[in-house]
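The values are calculated or read from the model by the stated rules, or taken from the named source; none is laboratory data. Not measured: the values here are computed from a predicted model. Cβ placement follows ideal geometry from the backbone for every residue including glycine, while neighbour counts extend to all protein chains displayed.
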Amino acid sequence: MNLQYFLGTIRHSYRRSFSENQEIYMRALNLSALILIIVGGVNWLLVGAADFDLVATLFGGQDTTPRPSFTS
């Protein structure tokens with residue numbers, strides 16, 4: 001393997017088209033949204049079933065504000 005081939009390989013790996021970069025960013029955004037949806041769903045499941053707010057416990061609770069009650 002010569003140096004010219006190695007440098008050409010490195011340069012080529014950094015050259016991506018706009019659509020390839022956009023696909024990478026969209027995958028990251030979709031993964032972030034999926035994680036937030038799953039955490040929110042689990043949190044609301046715990047709030048409804050066990051009256052336990054996981055997000056408030058992890059990131060500091062809402063001790064002074066009253067908790068809304070949703071009735072149908």
Checked region 39-63 for anything surrounded by fewer than 10 Cβ atoms within 10 Å (Cβ to Cβ) and part of a helix (DSSP H, G or I); matches are Ala49, Ala50, Phe59
*Would you call Phe70 at pLDDT 85 or above and of a type in the set (A, V, I, L, M, F, W, C)?*
no
